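First the structure, in the form of structure tokens, and then the observations on it.
We did not get these values from a lab; they are worked out from the coordinates using the rules stated. All values reported here derive from a predicted model rather than from experimental measurement. When we count neighbours, we look across all protein chains shown, and the Cβ atoms used for this are built from the backbone with ideal geometry, even at glycine.
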């Protein structure tokens, strides 16, 4: 399925990612790989949270908002 | 200096791994999360592989060493509290990641995504030597639509015959473009 997203939204998405990793104190690499490899409870909680949030967002953007 | 070089090497290996595994490609990342659509499970092997490798590496390093080679001590997070700040930030990151398909680590190896150069028109020129004509195919980067400008039909005056070699070349190109763009 072809999927295109307007340029402007990418910039907002970049801002959201930046704010999110600042407050969340890490991303896929920091929490998902390094933190989980140390079995850090904070990292496991963060990884589960952002994985769910990403899945829900992709579902909303692709299947509910439509492309 | 040694610290800088070893950090640089580690960063280069990390970036190479992300680039080779295809995780710098937002479409691939988004497809991993698209369980209801074009699901591509390969990210699980990249993350799983990285996780297992890192866990083994940490186990070996922390068991045998008190400090890194080029630093006085390891700098590990000491905060243990799971609070609203952590969960809220992570949720926000997930939303942004879901929209754009990259996280900070995954965005750097392909900086063109930050610049949105994909919004430029794709123009391809075809030269027809027999009639000295240049034909163009202009493609809209946000859809599969193409426009063909100045197409030619080949006329062999001596033989009084019409051929479509030039047109066929353009048609082939357009078909290939559509096939590649519809696959993401």
For B:59, B:126, B:32, which order do you get if you count the other beta carbons within 10 Å of each Cβ and list the fewest first? B:59, B:126, B:32
Using only atoms on other chains, find how many Cβ atoms lie within 10 Å of each Cβ of peptide B:52-60 and report the average. 3
Obtain the nm distance between the two label points defined at residue B:82 and residue B:61 by a simple spin-label model: each point lies 7 Å from its Cα along the Cα-to-C-beta direction. 2.5 nm
Starting with the fewest neighbours, write out A:10, B:39 ranked by other beta-carbon atoms found within 10 Å of each beta-carbon. B:39, A:10
Under the 0.36 nm per residue contour assumption, what length would be gained going from the current alpha-carbon distance of residue B:151 and residue B:42 to full extension? 35.0 nm
Compute the distance in nm between two label points, each set 7 Å from the Cα along the Cα-to-Cβ direction, one at residue B:162 and one at residue B:2. 7.8 nm
For the range B:1-85, the spread of Cα positions along each principal axis, largest first, Å: 49, 34, 24
Distance (nanometres) between label positions extended 7 Å along Cα→Cβ at residue B:72 and residue B:9: 2.5 nm
Cβ-based exposure ranking for B:146, A:34, in which fewest neighbours within 10 Å come first: B:146, A:34
